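Let me begin by presenting the structure, written as structure tokens, before commenting on it.
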Amino acid sequence: MRRLAFLITLFVAFAAGSAPATATTAATLKAKLAKEMRFAGGLSGAYVRDVDSGRELFSWRADAPRIPASVEKLYTTASVLLRDGPAFTVPTVAAAEVAPDEEGVIDGELFVIGAGDPTLTTSGLERLARGVSAAGITRVEAVHGDDGAWDERIGGPDSNFGYDRWLGGQLRALSVNRGWDGRRLQTSPAGYAASKLTAALRREGVKVGKVGTRKSAPEAPVEIARVSSPPLRDLARATNVPSDNYLAEMLLKGLGDRHGTLGTTAQGTAVARDTLDDFGIRPRLVDGSGLSRGNRTTPRQVVRLLERMAGQESGPAFRESLALAGSTGTIRRRMRGTPAAGKCRAKTGTLNGVSALAGYCPARDGGDVAFAVLMQRVGIFTAHGAQDRIAAAIARWDG
């Protein structure tokens, strides 16, 4: 009997030691998060809220404006998804000056017209050429590139609208391979697109009289063929998971084109501000990527965006656009071995002396918790550690 009692005691002790970590209560959660934020310094803030109940779980200087860095991309991608919908695609159109005759001859010029597809490549132009050929076109006088839907500024405000190596491309309405020609920037992205389409058309057996240049299409051209970008749900994911600055700025200028007066950064931010205002969110938006230190928002504003997006038709696409802790994107190596791994989805933000993390963590009861941590004048490594422990504590909360 003594041996049996000893074995039972040993089994109970082992079972208790191997059980999941004890759930965190609301009071314990606040204490843990306050401890992390106390060491973050006076220029850092955080806000945590239960999405389902609307209950505030933690607030630490939540209304002081901070530099969001790439957390800014949440505002850009949310605005695009809300305005255009997850299934929307950005077209690139081949259109003729006049309709072709019965033999497929265009007695005029063909235009490749850009609308800001950030994923357009030379293979995309080859698909466009196949579409033109499939439409029965046999000959055209010349091919031109039209990028007039946007302004001619190739960068964002942080680079005085010139080339920015942190963007890695040119922000033009017709930009093939991000505006790169091998190792160099294309001198004329629209002209480059025209020359590549000309070559592709000739390979398809379409006769082209002259190598085209950059030129505006007539007011009502005749569409011959088109290719489209991936749907916005995929573009949002391609923007947020790896934190792609180029995609974010292209999406922002596209907003200005479709819902403002012109494809410009200023028009894009104006449309985004109007969109966010419907949620009662009024951040200071300067660009779409977060590269500019002129952007400002508060932890409470970021959480409000996350909370409101959870109830939108485009909410699932928005959530899926965020990186998964310990698995993908900018947090693939973070939070591994913690309750946040494989569960929390978040957007990072990093500039010199600035670090941020915001997203969703499921509580242990299955509900959603939205959080935002914006830190300034911090060491990045130290900030990451604090943010990861905050996310793990939220994921451990019992709801």
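The table below gives the values:
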quantity	calculated
Tail fraction, Cα-Cα pairs, the stretch 17-151, threshold 27 Å, whole percent	55 percent
Computed helical MRE - 222 nm, the chain, DSSP H runs ≥ 4 contributing -39500 (n - 2.57), nearest 500	-11500 deg cm²/dmol
At most 15 other Cβ within 10 Å, DSSP loop - trypsin sites (Lys or Arg not before Pro), the stretch 117-174	ARG165
Computed label-point distance, nm, for sites ARG364 and THR213 using a 7 Å Cα→Cβ extension	7.1 nm
Length released on extending from ALA26 to ALA220, taking residue separation times 0.36 nm less the Cα-Cα span	63.7 nm
Radius of gyration, Dmax [the stretch 91-229; alpha carbons; angstrom]	14.8, 52
Spin-label pair THR328/PHE381, simplified geometry with 7 Å Cα→Cβ offset, distance in nm	3.0 nm
Fewest-first sequence of MET250, MET37 by Cβ atoms within 10 Å of each Cβ	MET37, MET250
Contact order normalised by residue count of the chain, Cα under 8 Å, 6+ apart, percent	23 percent
GluC sites (Glu not before Pro) restricted to DSSP loop in the stretch 251-329 with at most 14 other C-beta within 10 Å	GLU313
Computed E for ASP278/ASP234 - FRET, C-beta separation, R0 22 angstrom, nearest 0.05	0.35
Inter-site label distance for ARG293 and THR89 at 7 Å from Cα along Cβ, in nm	4.2 nm
Proximal charge balance of GLU97 [Cβ under 15 Å; K/R count +1, D/E count -1]	-4
Loop GluC sites (Glu not before Pro), the stretch 27-102 (other Cβ atoms within 10 Å of the site Cβ: 10 or fewer; DSSP)	GLU102
Cross-link reach list, lysines versus LYS210, counting only Cα pairs under 25 Å and skipping chain neighbours closer than eight places	LYS196
Extension reserve of the THR138-LEU43 stretch, reckoned as 0.36 nm per residue once the Cα distance is removed	27.7 nm
Volume per residue of the C-alpha convex hull in the chain, rounded to whole Å³	173 Å³
Computed FRET value (nearest 0.05) for ARG130 with GLU152, which takes r as the C-beta separation and R₀ as 30 Å	0.50
Gaussian network model of the chain, springs between alpha carbon atoms under 10 Å - residue of THR338, THR265, THR77 with greatest fluctuation	THR338
Theoretical FRET efficiency, 1/(1+(r/R0)^6), r = Cβ-Cβ of ASP107 and LEU262, R0 25 Å, to 0.05	0.20
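Bear in mind these aren't lab numbers, they're just calculated from the coordinates by the rules spelled out. Because the structure is a prediction, the values reported are computed rather than measured. Using ideal geometry, Cβ is built from the backbone for each residue, glycine included, and neighbour counts are taken over all protein chains shown.
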